[in-house]
Amino acid sequence: MDYRALSHFDVFIIHGMNSLVGRSVPFDRVVAYLLDNPLSTALLTATFWACWFKPADAEKLQRTREHLLATLWAGIAGIVVARALALGLPFRLRPRFDPSIHFPVIDATNNATLMDWSAFPSDHAVMFFALSVGLCWVSWRLGLLATLYVAFVVCFPRVYLGYHYPTDILVGMMIGSLCAYGFNLAAARRWLAAPVLRWGRSSPQSFHMALFVLTFQFATMFNSLRGVASVTYHTFERLLALR
């Protein structure tokens, strides 16, 4: 796939945003802060916990928790799909690392480790749109606010600072939203949530501990698990080389 042949829209938007970079140092700093601070994504998982413990009658609470668990499954499934696409499709260089775009770089946000990660699609868009769209089944007002929050607080900085093209975000949004929709259908959500809720009733201590760790991983984009996987992979690679 020739991304350049398909991305006139991307280049138009990137150049439009690009013209704003550096005009306001305070604005650039705020956007860079939102990009790098896990608190901006942790607010979404905190909303998950607020909904989990919101007082309600037994039937409504059961349905709410089914939707919340199905939404977590949707986020995980979306990331699997996104990683498969990123690995299976031709590599797409991020705009800030593409010398042909001449993207002004804000030094405080120059994460060179992402140079080797394909930009398409955006993992952040996949995961957090899955969460926000999933919240629409709990409360459409809350879900709408969460979706706007993801668009402007989570995803906008990634385009503004050149870590993603707009279509990386749009495709990520579609993947996450479709996963949230499919997993929150009645039959799917009940089937996915039933064994998890049984675990919660039989051992609430271990269940809530595991659920907290999982939502923490969501808020940090599974960075700690990725680090463990990377170290494990390279360790085995070296051990095999010594044989």
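Scan segment 104-118 and tell me whether some residue there is modelled with pLDDT of 85 or more and assigned to a helix (DSSP H, G or I). No, segment 104-118 contains no residue that is modelled with pLDDT of 85 or more and assigned to a helix (DSSP H, G or I). The residue of segment 177-204 that is surrounded by the most Cβ atoms within 10 Å (Cβ to Cβ), among those that are of a type in the set (S, T, N, Q) and either in a helix (DSSP H, G or I) or in contact with a Leu (Cβ under 7 Å, 6 or more places away or on another chain) (or both), is Ser177. Is it the case that Leu239 is in a helix (DSSP H, G or I) and farther than 25 Å from Val30 by Cβ? In short, yes. When residues in segment 149-171 are screened for being part of a helix (DSSP H, G or I) and touching an Asp or Glu at 6+ places or on another chain (Cβ under 7 Å), 2 of them pass.
Every condition in (1) under 27 Å from Gly134 (Cβ atoms); (2) modelled with pLDDT under 90 is met by Met17 except one, and the failing one is (1).
The values are calculated or read from the model by the stated rules, or taken from the named source; none is laboratory data. Computed from a predicted structure; not experimentally measured. Glycine also receives a Cβ, built like all others from the backbone with ideal geometry; neighbour counts cover every protein chain displayed.
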